[in-house]
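**Q** Here it is, the structure, as structure tokens.
The values are calculated or read from the model by the stated rules, or taken from the named source; none is laboratory data. Keep in mind it's a predicted model, so treat the numbers as computed, not measured. Positions of Cβ are generated from backbone atoms using ideal geometry, with glycine treated the same way; all protein chains shown enter the neighbour counts. We work out accessible area using only protein heavy atoms, side chains counted, and drop any ligands, DNA or RNA first. Shrake-Rupley method; radii C 1.70, N 1.55, O 1.52, S 1.80 Å.
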Amino acid sequence: NETIQSGMAANAINGTVAAFCHLARLYAIQGQFHRSCELYQEAGKFAHEAGGRNRGVMSLVDMGIANGLYELNDLEDALAHIMRSLEFIPLWGNADDIALAYTTHARIQQAQGNIAGAADAIEKGIHLIQTRGVFSVARDAVRTAQVKLWLAQGDLLSTGRWAVSQEERLNSDGKFSFVNELIHMTLSRVYIAQKKPDEAIRLLARLEECAETGGRSGRLIEILILKALTLQILGETARALAALEKSLSQAEPEGYFRIFIHEGPPMQRLLAQWLAHASSGPVRDYAIRLLSQFDVEIKPISAAQEKTSHANHLVEPLSQRELEVLHLMALGRTNQEIAQQLIVSRGTVKAHTANIYRKLDVANRTEAVARARQLALLP
């Protein structure tokens with residue numbers, strides 16, 4: 001904050017924008033997602049108004065915006081921003097930031113199902129951290145992104161070797177703190193994949209305590225998600241649902257999405273189970289919106305249902321963002337309320353609404369909601 005204030009006073013564009021972006025990352029760790037996103041916008045605005053022409057430093061802003069859009073599950077726009085960031089970030093020249101840009105690119109590609117593209121981005125990040133000097137934050141970000149990709153590919157041999165090396169490293173350090181938190185969180189994922197839920201739950205219990213004590217709500221949400229999934233594996237459904245509810249309560253005010261969606265079908269099933277007994281309120285509404293963001297499971301239909309299925313087929317499916325707007329419409333939200341909740345303009349909401357009406361072949365909200373329920377797009 002001090003750097004930003006002094007930098008703005010001196011019109012020092014590069015240092016000020018970099019400080020904005022570092023601060024935004026800290027807010028993200030604290031779970032202040034909206035404030036983090038706002039800071040990236042403020043950084044871009046300051047650079048523009050100050051007459052900045054350095055595309056290198058603006059690549060940091062694009063990377064930050066890409067991370068925010070990724071969390072909102074707006075993957076296409078997120079990809080556009082990170083591609084622009086990668087184009088110009090060599091002009092910035094900081095190896096740590098370039099490595100973080102590669103991990104962001106890999107995350108977005110993996111979310112879009114482009115495993116080859118994600119692997120390519122990770123390989124570039126690995127090459128960078130092996131050939132250039134980087135701090136532990138960037139190094140761990142690249143390595144853990146690689147492990148998550150291995151897990152998605154079912155490569156337990158590689159993840160197992162990584163886990164052993166990290167266990168040795170962490171035991172020799174004797175530390176359990178923020179510095180090693182990302183490594184520990186990824187280790188818990190490996191334990192889950194290795195069918196070692198008891199080891200995972202012990203590790204997650206310590207992580208939960210440290211993150212909560214340290215005020216790192218952004219990390220805490222993910223830890224609670226992993227705890228819920230692990231408890232479900234252990235057959236402790238009541239505790240699993242309690243952990244999920246705690247994570248939802250932490251995430252709802254900031255509107256997190258991808259952090260849940262990343263966990264795939266196990267989280268989808270757990271969310272549906274929680275919703276079956278949830279009381280009405282903002283957290284339940286949020287969980288419904290979350291559930292709508294998951295890919296729809298393809299279920300076999302009977303011959304008797306086939307005719308109806310063909311009649312109800314949409315020529316042009318709704319996008320993820322249109323489904324989100326549709327769910328909020330069904331909850332009775334006004335365009336202004338939807339715009340505020342999704343952090344977009346009213347004009348953008350109107351455009352999404354028009355697309356929804358066109359794709360559903362309806363004329364108003366009531367018809368749209370009714371048609372969506374007929375198509376099983378709404379509960």
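**Q** For the condition in a helix (DSSP H, G or I) and touching a helix residue (DSSP H, G or I) at 6+ places or on another chain (Cβ under 8 Å), what is the one hit in His127, His34?
**A** Only one candidate passes the filter, namely His34.
**Q** In addition: Checking the structure you have, find out if any residue of the range 100-114 is open to solvent by 10 Å² or more (accessible area, probe 1.4 Å), more than 14 Å from the chain's Cα centre (by Cα) and modelled with pLDDT of 95 or more.
**A** Yes, the range 100-114 contains at least one residue that is open to solvent by 10 Å² or more (accessible area, probe 1.4 Å), more than 14 Å from the chain's Cα centre (by Cα) and modelled with pLDDT of 95 or more.
**Q** Oh, and also: Exactly one of (1) closer than 29 Å to Arg35 by Cα; (2) out of contact with any Ser or Thr (no Cβ under 6 Å at 6 or more places or on another chain) is unmet by Pro265. Its number?
**A** (1)
**Q** Test of understanding: among Arg161, Arg107, which residue is free of Cβ contacts under 8 Å to residues at least 12 places away in the same chain and within 30 Å of Glu209 (Cβ to Cβ)?
**A** Arg161
**Q** Give the range 1-29 a look and list any residue that's surrounded by fewer than 17 Cβ atoms within 10 Å (Cβ to Cβ) and either outside any helix (DSSP H, G or I) or touching an Asp or Glu at 6+ places or on another chain (Cβ under 8 Å) (or both), or say none.
**A** Hits for the range 1-29 are Asn1, Asn11, Ala12.
**Q** Is there any pair with a first residue in the range 257-275 that is crowded, with 18+ Cβ neighbours inside 10 Å and a second that is modelled with pLDDT of 90 or more and in a loop (DSSP other than H, G, I, E, B) whose Cβ atoms are under 7 Å apart and which are 6 or more apart or on different chains, and what are they?
**A** The qualifying pairs are Phe257/Leu72; Phe257/Asn73; Arg258/Asn73; Ile261/Asn73.
**Q** Specify which of the listed residues (Leu234, Leu271, Leu203, Leu248) is aliphatic (A, V, I, L, M) and within 16 Å of the chain's Cα centre (by Cα).
**A** Leu248
**Q** Give the residue, chosen from Arg84, Arg35, that is closer than 30 Å to Lys246 by Cα and without any contact (Cβ under 8 Å) to a residue 60 or more places away in the chain.
**A** It is Arg35.
**Q** Still on this structure, I have one more. Which one is most open to solvent (accessible area, probe 1.4 Å), of the residues in the range 191-209 that are closer than 15 Å to Trp162 by Cβ and either among the basic types (Lys, Arg) or not in a helix (DSSP H, G or I) (or both)?
**A** Lys196
**Q** Just to verify a result, which residue in the range 210-221, among those that are part of a helix (DSSP H, G or I) and open to solvent by 30 Å² or more (accessible area, probe 1.4 Å), is farthest from Thr186 (Cα to Cα)?
**A** Among them, the one singled out is Thr213.
**Q** Of all residues in the range 130-140, which are part of a helix (DSSP H, G or I), hydrophobic (A, V, I, L, M, F, W, C) and surrounded by fewer than 21 Cβ atoms within 10 Å (Cβ to Cβ)?
**A** Passing the criteria: only Val137.
**Q** Which of (1) touching a Ser or Thr at 6+ places or on another chain (Cβ under 7 Å); (2) open to solvent by less than 40 Å² (accessible area, probe 1.4 Å); (3) among the polar types (S, T, N, Q) does Asn73 not meet, given it meets every other one?
**A** Result: Asn73 fails condition (1) only.
**Q** Since Leu229 meets every condition but one in (1) out of contact with any Pro (no Cβ under 6 Å at 6 or more places or on another chain); (2) assigned to a helix (DSSP H, G or I), which condition does it not meet?
**A** Single failed check for Leu229: (1).
**Q** Report every pair of residues separated by at least 6 positions or lying on different chains whose Cβ atoms are under 6 Å apart, first residue within the range 49-77 and more than 25 Å from Gly113 (Cα to Cα) and in a helix (DSSP H, G or I), second open to solvent by 40 Å² or more (accessible area, probe 1.4 Å) and aliphatic (A, V, I, L, M).
**A** Arg55/Leu91; Gly56/Leu91
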